[in-house]
Amino acid sequence: MPNAEAHTRLHAPRAIALVGAYGSGKTTLFEALLAAAGTRLRHNGDTKPPEPSTETRLGHCTFLGDAWALLDCAGSIEFLHETASALAVVDLAVVVVEPDPARVIALRPIFHLLEQAKLPFIVFINKTDTLKAAPRDLVAALQAEADLPLVLRQVPIREGEVIAGYVDLVSERAYRYRPHMRSELIRMPAMIAAAEASAHEALVDTLADHDDALLEKVIDGVIPTPNELYEQLHKDLAARHLAEVMFGAAERANGVLRLWKALRHDTPAHAVTAARHGIEPDGPPLAQIFKTSYAGQAGKLSYARIWRGTLRDGAGVNNQRIGGIVRFPGQDIQKIPEAVAGDLVALGRLDSMATGTVLGDGETLPFPAPPAPVYALAIATPDRKDDVKLSTALQKLFEEDPSLSMNRDAETGDTLLAGQGEIHLHRAIERLAKAWGLTLTTARPRVRFKETISKAVHEHARLKRQTGGHGQFADVKLYLEPRTRGQGFHFTDQIVGGSVPRQYIPAVAAAAEEAMHKGPFGYPVVDVGVTLTEGSFHAVDSSDMAFRSATRAGIAEALAKAGPVLLEPIHRVKVSAPNMFTANVQRLLTTRRGQILGYGEKPGWAGWDDTEALLPETEMHRLILDLRSQTAGLGTFTHHFEHLTEAASQLAERIAREAASQ
């Protein structure tokens, strides 16, 4: 394990991210790569497979003298923003794939992120010990989802039902796997020779498409040397002309060393990545925070990529002082005195620095914005004394995970914690319990129903109370009428002759509007006009308070008589999913009382559809959960409030019964 002094001497630090769908074995590959580089994460004797990660993990190692930072990104689509944040700062991604063509579709969002980030990548087909499909079918399924041409770097050698090794298509050498050992060089099996020759020719033809000298050799029938092919692969990968496809089984360490060698040869230097981001090579130190974590006594850690220059412990950045620089070789935390260009490290005590912040002289760099929330829970503390503690904890939690959000619904009074799904919110609530000792109650968010009236009514309200001394007297005649949807509340004064003195009319208007806060169903009343038509007063006993009380009582009586109507909010929803699931999406929406408005191809997403619909808010709470179950975990949606509409009679009757029982 390198010490701090050795670390400063290592050249060209590079960073890679392991990405893939949940269950693809990314975390196993992450640990296998570290182990192959001489760094082990788990305790000796622990043979259990690692748990799939639900947050980005950072590991450091050296391989053949080069410094590396490896990011193990969460596989669930609910943590896709963390993956996007990691991709913003690395030099290359390794897309880890299960050996099942039917599961490949789950990679489309990841390929889209790679396309947006303009990031080179290598595909590593994992778990080849369970590969049943023909490799060409698997690669064809991958090609349908990827935005770049995929080229085979290896051809698997199958012995019966088992993948026993591979042929490297550049060197044209065959190797046999040996569990947890270096692969054994063998003579190329005769049964694979024809397939290897065809795949080698396809690789050369693809590389020749981007190099005139190589193309000329191919035309002239000259066989390119392995070194020429290696160099062209390196250029084409960095330029995103293609992506390599490799095979292995991380749990057995099969293919891991070969992957390391490909990474070492083909991963662009950090300076190349910095140039792709438009970062000038010369200038003061420059870094970007891509992840924030609160780590117990260590306090706040800001994970950052150093794009330029050297950051030293104790140095000032953006008017704050760095309180420690940390690396993560294995299970250890290693403090180092400085981080050089290319390093990916954690910086301590940058308390006011948010994820995405650029550390430098006022420079800015692009960073992915968090997605809109698709799932929410109403949260509360059992003890109100913990409310202040909760507010502080949530602020730190949102620093760690910007794709979480919280808002106080003014209409229902709910405190809503929102995010990307059930697992996402469960992790957040678990984090609040473990890190801050907060136990929360959760509930379904209440729907923001409204009420209105369906007919006009006249109401006479009088308050006459004598309690000794000055009493209370007010007399009002009110006319309530429904207004067009969306016109809101309106008050009109038709008093003539001073039957209600002018000084009391503002109190009547204010009380009428206040009375709309809660109607017979228990919800705010909208789109009602109130007219004060007549009234009377007492010279001694009348007051603002008396007229307010009389008005509120009169409005309450009038609303109950005016044919109260429950209104439910309707949202405009846009659902995105692979087009093979469009029929499922439409059935799901219609079973939730949705009105389909239309559908079409999702811009920039080949093979995906956007379906638009109007959907009652009542039906939206678990929409994302059912949607993902109907779309292989891939569907998502955006929405916004569209309008209010009269609720179905059964719903209105249920709400009325609930209001009466309270």
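Laboratory data are not the source of any read-out in this text; all were calculated from the coordinates shown. As the structure is a computational prediction, the values presented were derived from the model and not from experiment. Methodologically, a virtual Cβ is constructed for each residue, glycine included, from the backbone with ideal geometry; neighbour enumeration extends over all protein chains shown.
Details
- Classification of segment 499-556 by its C-alpha gyration tensor yields a prolate form. The axis ratio a/c (a ≥ b ≥ c) is 1.5 or more, and a/b outweighs b/c.
- Length released on extending from Glu231 to Arg446, taking residue separation times 0.36 nm less the Cα-Cα span: 71.3 nm
- Convex hull per residue volume in Å³, alpha carbons only, for segment 450-562: 87 Å³
- For segment 520-557 and segment 326-366, distance of Cα centres in Å: 63 Å
- Under 5 Å between amide hydrogens, built in the peptide plane, is the criterion, and for Phe63 it picks out Trp68 among residues at least 5 positions away or on other chains.
- Separation of segment 368-387 from segment 635-662 is 22 Å, based on Cα centroids.
- Cα centre as origin, Lys/Arg/Asp/Glu Cβ charges: segment 375-443 dipole, Debye: 240 debye
- Remark: C-alpha extents of the chain on the principal axes read 110, 57, 49 Å, sorted largest to smallest.
- If you model segment 4-275 as an ellipsoid using its alpha carbon gyration tensor, with each semi-axis the square root of five times an eigenvalue, the axes come out at 27, 22, 20 Å, biggest first.
- Peptides 359-369, 473-483, 626-636 ordered by average Cβ neighbours within 10 Å, highest first: 473-483, 626-636, 359-369
- Förster-model FRET efficiency, 45 Å R0, Asn319 and Ala433, C-beta, rounded to 0.05: 0.85
- Charge dipole (the chain, unit charges on Cβ, about Cα centre) - positive-most of Gly535, Phe641, Leu131: Gly535
- Number of Lys-Lys pairs in segment 382-451 with C-alpha atoms under 24 Å apart and a separation of 8 or more places or on different chains: 4.
- Relative frequency of Cα-Cα separations exceeding 18 Å in segment 114-262, percent: 58 percent
- Taking other C-beta atoms within 10 angstrom as a stand-in for reagent exposure, Asp313, Asp212 fall in the order Asp212, Asp313, fewest first.
- Summarising the overall dimensions of segment 239-330 from its C-alpha atoms, the Rg and Dmax are 17.7, 49 angstrom.
- Taking every alpha-carbon pair in segment 505-628 and binning the separations at 10 Å intervals from zero gives 11, 28, 17, 14, 15, 10, 4, 1 percent.
- Residue list for segment 149-193, given a label point 7 angstrom along the Cα-to-Cβ vector of Arg136 and an amide N cut-off under 14 Å: 152, 155-156, 192-193
- Calculated on the alpha-carbon coordinates, the convex hull of segment 285-356 measures out at 81 cubic angstrom per residue.
- Where the alpha-carbon atoms of segment 375-443 are placed on the principal axes, they occupy 26, 24, 18 Å, in descending order.
- Where the Cα pairs of segment 267-310 fall when distances are cut into 10 Å bins, in %: 26, 41, 23, 10
- Residue-span extension gain [Gln494 to Asp387] - 0.36 nm each, minus C-alpha spacing: 33.7 nm
- Taking Ile655, Ile223, Ile333 and counting other C-beta atoms within 10 Å, the order from fewest to most: Ile223, Ile333, Ile655
- Coupling constants for segment 281-290 follow from the phi torsions by the Karplus curve (6.51 cos²θ - 1.76 cosθ + 1.60, θ = phi - 60°), and in residue order they are x, 9, x, x, x, 9, 8, 9, 7, 10 Hz; glycine and proline get x.
- Computed extension gain for Arg173 through Leu597, at 0.36 nm per residue and net of the alpha carbon distance, reaches 146.9 nm.
- Normalising by residue count, segment 566-661 has a Cα convex hull of 92 Å³ per residue.
- Each principal axis of the Cα cloud of segment 130-191 was evaluated for its coordinate range; sorted largest first, these ranges are 34, 26, 26 Å.
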